[in-house]
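Structure first, commentary second.
Rule-based calculations on the coordinates, nothing more; no lab input. Predicted, not measured: the structure shown is a model, and the values here were computed from it. In this analysis, Cβ positions are derived from the backbone assuming ideal geometry, glycine residues included, and neighbour counts consider all displayed protein chains.
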Amino acid sequence: MSGRNLNLLGLVLVGVVGLIFMFFTPHFADLDTVLELTVYMIMAILALSLALVWGYGGILCFGQSAFFGLGAYTYAIAMFNMGESTLPVVLAVILPAAFAALLGYFMFYGRISDVYLGVITLTVTLILFNSVNSTAGPEFHIGAARLGGFNGIPGIPPLNWPFNKGAAVDLEGMFYLSTGSLLLTYFGLRLLLASQFGRIIVGIRENERRAELLGYDPRAYKLATFTIGGALAGFAGCLFANWGAFVSPTIFGLAQSAQIIIWVIVGGRGTLIGPVIGCIGIQWLSAALGANQPSGGSDLWSKIFANAPLILGVILIAFVLLVPRGLVPTAADVAAFVLRGRRRREQRGLEPQQAE
Amino acid sequence: MDLFVLLAIQVLYAVASLALISVGLAIIFGMMRVINLAHGEFLMLGGYAAIVATSHGISIWISMLIVAPIVVGVIGIVVERTIIRFLYGRMIDTMLATWGLSLFLVGLTTAIFGNTTVGISAPLGSIEIGAYRTSAYTLFVIGISVVVLGTIFAGLRWTRLGLIARGTMQNANMAAALGVNPPRVYAITFGIGAALSGLAGAVLAPVSGVFPTIGVAYIAKAFITVIGGGAAILSGTVSAAVLFGTINQIATFVTTPVFGEVALLGAAVILIRVLPQGITGRFFRRSL
């Protein structure tokens, strides 16, 4: 099988598995599981946004959670003011995208190197966190929405069908919506990356100077990638605000940013399915370890195992040191090695494997 | 007039504490081009070391100025030997690994000490300036940062170790050809940087208290000070600390502490945009 066919097979496989998962899960799983899976799907969209920006665009953004949080807050605030979810959803995508565009213009057109870029995105995230965290008083409000500071905004009204205020989306509807959006995002990004634009941003990641000498403006392409990433993260934030009907400043926090980066590292940079797998796997692991209960157990061992930062930290260090390319590319390497061995035995010529 | 003196002391304090929390990071970054995202946690560990030592009956001065730097310095050397040394030259990967380390240390201290703030009361009492009172400890922090920065300058400028360190920093291969062992220099440098972070964390512990996630409060400020300062370790850190500390304290004075932080971070973003090489990329280029 050539690389192209393999690629196509992978796409079909993802589509089929995704659709089966989407349509059958609510019939077989209880509501609790469906609810849990919904948040995995939402976070997977967030993971995809960084997979594009970092994995393909080569832009290490430590502040992807800023756009996520901005999307969530925009949705919440707009919802309290409008009461009908069509415009708030649009705003929750446009506002983070605009913010990403502004920040990106500032960084890319300033020709800031990638490490400094990481520091700036980190700083901006902290500015947002600090500012929103300190808006607890009743004097901080936008229209009818109180910002709530460190208490967050509870009781966010749910989504409804476009332009139909009465028809709120229920929990199962949320699952369909999130999973559907994830699949659409995945295939949309695959399409984007197969286009000329996608080729160029990967070219820029590989060698910025060379791409520039070939006549492409890396600043504009990076800016576009960053903006798309911001829009996707904002959309995920909007769904997240909807899912829990609650947002608090912790979604701007460093822990959230770290999580997104860990998903991408674990899954593999330069793939799309990797970060999705990484995201779902890590979240499942955190839930299984009981890491989401902040108090943990009483004895030392349960304190250590029910301790999200500790486990995530170990995972991050282990992957950077031992599996720096992530699970999916490493698995692909192993598979290619096995395939190549067989092909050699069949006395056929070597074909270059196309990386995803 | 009294108010002016008070404000001046507060600005000096902001500058001094900024320089103090940044200098360990600056040494590690300036010498080894390693961005240590666990820097905030080194500060936090310094604070805990001082508090634990004090609660075991050791004098607060000894636990702050001797125990904390030694403990964190040893931790730093262990970290360099077990994690960092595999990642030299891979800047992004070091950033990620040290971030993992930072999460790990936060988790570990939470498991051991619990998620609460512990503190020790600041010694030295207070002094009066006209109608106002301020803590004498503030002056101590200013003094200690002057001493620390002076010692680093003297060490780098006049000692053999400083000479070797500067030589390795400029050209590791050449230094190796002349008989220096760069990995050892790196390990020692990392240890010294960590020890200074521990000292800073311990000295600031009576002011802010210590809790497992306090590193986050330090890390951004330390980072932008180092990055804003640019390549020169000392003059960069000092000039950036003066700029950012002044902006922070004046904005705090005019509005609220939260807005002061935001002004500091905002100023840093603009500075990096205007001077991507940092202050010493443009000014004081030949300084230490």
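Please get the size of the charge dipole for the protein assembly as shown, origin at its Cα centre, with Cβ charges of +1 on Lys and Arg and -1 on Asp and Glu, quoted in debye to the nearest 20.
Numbers: 34 positive and 23 negative charges, 467 e Å.
Computed about the Cα centre, the dipole is about 2240 debye.
How far apart, in nm, are two points set 7 Å out from the Cα along the Cα-to-Cβ line at B:Arg184 and at A:Ala335?
Result: 4.9 nm between the two label points.
Would you kindly compute the Cα radius of gyration of chain A and its largest Cα-Cα separation (Dmax), both in Å?
According to the Cα coordinates of chain A, Rg and Dmax are 21.1, 77 Å.
Want the number for B:Asn115 to B:Ala136: 0.36 nm per residue separation, take away the alpha-carbon distance, what's left?
This chain segment gains 4.6 nm when fully extended.
What angle, in degrees between 0 and 90 and rounded to the nearest 10, separates the Cα long axis of helix A:254-267 from the longest principal axis of the Cα atoms of chain A?
The answer is roughly 20 degrees.
Report the gain in length on full extension from A:Ala245 to A:Glu84: 0.36 nm times residue separation, minus Cα-Cα distance, nm rounded to one decimal.
56.5 nm
Based on Cβ point charges of +1 for Lys and Arg and -1 for Asp and Glu, what charge dipole magnitude is obtained for the stretch A:28-291 about its Cα centre, in debye rounded to the nearest 20?
The dipole of the stretch A:28-291 has a size of about 760 debye.
From other protein chains only, count the Cβ atoms within 10 Å of every residue's Cβ in A:50-62, then give the mean.
The mean count of partner-chain Cβ atoms within 10 Å per residue comes to 1.
Fewest first, what order do A:Ile127, B:Ile270 take by the number of other Cβ atoms within 10 Å?
By the 10 Å Cβ count, ascending: B:Ile270, A:Ile127.
Nearest 10 degrees, 0 to 90: what angle lies between the long axis of helix B:39-55 and the longest principal axis of chain B (Cα atoms)?
60 degrees
Note the full-extension length gain between A:Asp170 and A:Phe140 as 0.36 nm times their separation in residues minus their Cα-Cα distance, in nm to one decimal.
On the way: separation 30, 0.36 × 30 = 10.80 nm, distance 3.09 nm.
Extending this stretch completely gives an extra 7.7 nm.
Given the DSSP H assignment, sum -39500 (n - 2.57) over each helix run of at least 4 residues in the protein assembly as shown and divide by its residue total; what's the result at 222 nm in deg cm²/dmol, nearest 500? Provide the component values of the computation, followed by the final result.
Numbers: 26 runs with 458 residues, N = 644.
One gets -24000 deg cm²/dmol as the mean residue ellipticity at 222 nm.
Towards the positive end of the charge dipole of the protein assembly as shown, with charges on Cβ (+1 Lys, Arg; -1 Asp, Glu), say which of A:Ser195, A:Thr33, B:Ala53 has the farthest Cα.
Final value for the positive-end residue is A:Ser195.
Would you mind ranking B:His39, A:His27 by Cβ crowding within 10 Å, fewest neighbours first?
Ranking B:His39, A:His27 by Cβ neighbours within 10 Å, fewest first, gives A:His27, B:His39.
So for B:Glu41, A:Glu206, A:Glu36, B:Glu80, fewest C-beta neighbours within 10 Å to most, what's the order?
Ascending number of Cβ neighbours within 10 Å: A:Glu206, A:Glu36, B:Glu80, B:Glu41.
Ordered by packing density, taken as the mean number of other Cβ atoms within 10 Å over each peptide's residues, highest first, how do B:162-175, A:309-322 rank?
The densest-packed peptide leads the list: A:309-322, B:162-175.
Can you tell which of B:Ile144, B:Met1, B:Ile77 lies farthest toward the positive end of the dipole of the protein assembly as shown, using +1 and -1 charges on the Cβ of basic and acidic side chains (Lys, Arg; Asp, Glu)?
Farthest towards the positive pole: B:Ile77.
Give the residue list of trypsin sites (Lys or Arg not before Pro) in the stretch B:192-285 that are DSSP loop and have at most 13 other beta-carbon atoms within 10 angstrom.
B:Arg285
Could you tell me the distance between the Cα centroids of the stretch A:224-270 and the stretch B:1-18, to the nearest Å?
Taking the Cα centre of the stretch B:1-18 as reference, the centre of the stretch A:224-270 is 40 Å away.
Taking only C-alpha pairs under 8 Å that are 6+ residues apart, what is the relative contact order of chain A in percent?
That works out to 28 percent.
Rounded to the nearest 0.05, what FRET efficiency is calculated for B:Leu3 and B:Arg85 with R0 set to 60 Å and r the Cβ-Cβ distance?
0.70
Could I have the simple spin-label model distance between B:Gln170 and A:Leu184, label points 7 Å from Cα toward Cβ, reported in nm to one decimal?
So the label points at B:Gln170 and A:Leu184 sit 6.1 nm apart.
Can you pull the one-decimal nm distance between simple spin-label points at B:Ile66 and B:Leu163, each 7 Å off the Cα toward Cβ?
Going from the B:Ile66 label point to the B:Leu163 one covers 3.1 nm.
Give the angle, between 0 and 90 degrees and rounded to the nearest 10, that separates the Cα long axis of helix A:86-108 from the longest principal axis of the Cα atoms of chain A.
For helix A:86-108, the angle is close to 60 degrees.
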